[in-house]
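Let me begin by presenting the structure, written as structure tokens, before commenting on it.
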Amino acid sequence: MSLDEEGRVLPLVLSREEKPGKRLRLRVSFADGGVPASAEFTLVTQWAQAETHVQVYRQPRSAEACCQEAEAERRKRQLCQEELARTQAGCLAAGPRGLTGLRADGMMGGPDEAPEGVHAQSIIRKLTLARDNALELSDAVALRTAAPSSEAGDKRVRVAVQLTLESPDARDWRAEGAQLTAPGGVRPNVTLWQSPPLKPGRWEVMVEAELTEEQARGRFTLKPWDESGARTFSVGGVTFP
């Protein structure tokens, strides 16, 4: 492990033998004698999601200034955590929203009985499954709002993918996160919902996002994962009606 010729970039290559969830500590020291003199980073192995480029900025300052800033950031983080807890409690009480909320409330049918305003289409025969999937796919439905919403002059639609997944050994599996990607770097923010078990080892998982009309015409890859990052599921060829 060494810096590049300019002393500004530290390349890291993770061994394939590292297990998901393992935490590695990286400590770097600065050569200019300023404060802080060093920094520590915790690297967490995650097969399903990774940051390929992390930028670190440092401005040398006095020890007193660093302490004051650290205390201010600690207070700010505490307030944010309290606000996040209140928001999450409110969301859990209200249930999921958007297309996901309609499905969770039993107000949305399948491809042949979609309500007015939402288009639904079975896409299971169009999909390409990854070879190392930890789960099996029983059904897949793509959904899209018929009427685009207009925000700041940009026509946008809401889309969702509803997957019925099964664990071959009936082991419990809980989706921790998901990513919807398309060629060209399109990676929208998503909301994730998972139903209670339909039977042991079988669930519905729904991933929802907001896209421009043009983006919604593309072909996507969907990848949900569990907390460990080891039992993942990846499917390509996702399109919306």
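What follows draws every value from the coordinates through simple rules; no lab data is involved. The shown structure was predicted, so the numbers you read here are calculated from the model rather than taken from an experiment. Here the Cβ is made from the backbone with ideal geometry for all residues, glycine too, and neighbour counts use every protein chain on show.
Key figures
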| read-out | value |
| --- | --- |
| Two-site label geometry, GLN81 and LEU26: point separation in nm, points 7 Å out along Cα→Cβ | 2.5 nm |
| Distance between modelled label sites at HIS53 and GLU136, nm, 7 Å Cα→Cβ extension | 4.2 nm |
| Cβ-derived FRET efficiency at R0 22 Å, ARG125 paired with THR181, nearest 0.05 | 0.55 |
| R0 of 25 Å, Cβ-Cβ distance ARG8-GLU40: FRET efficiency to nearest 0.05 | 0.85 |
| Stretch gain in nm, segment ASP172-SER228, where the contour uses 0.36 nm per residue and the Cα spacing is subtracted | 18.9 nm |
| Phi to ³J(HN,Hα) by Karplus 6.51 cos²θ - 1.76 cosθ + 1.60 over region 163-179, Hz, x for Gly, Pro | 10, 9, 10, 10, 8, x, 9, 6, 5, 5, 8, 10, 5, 9, x, 7, 9 |
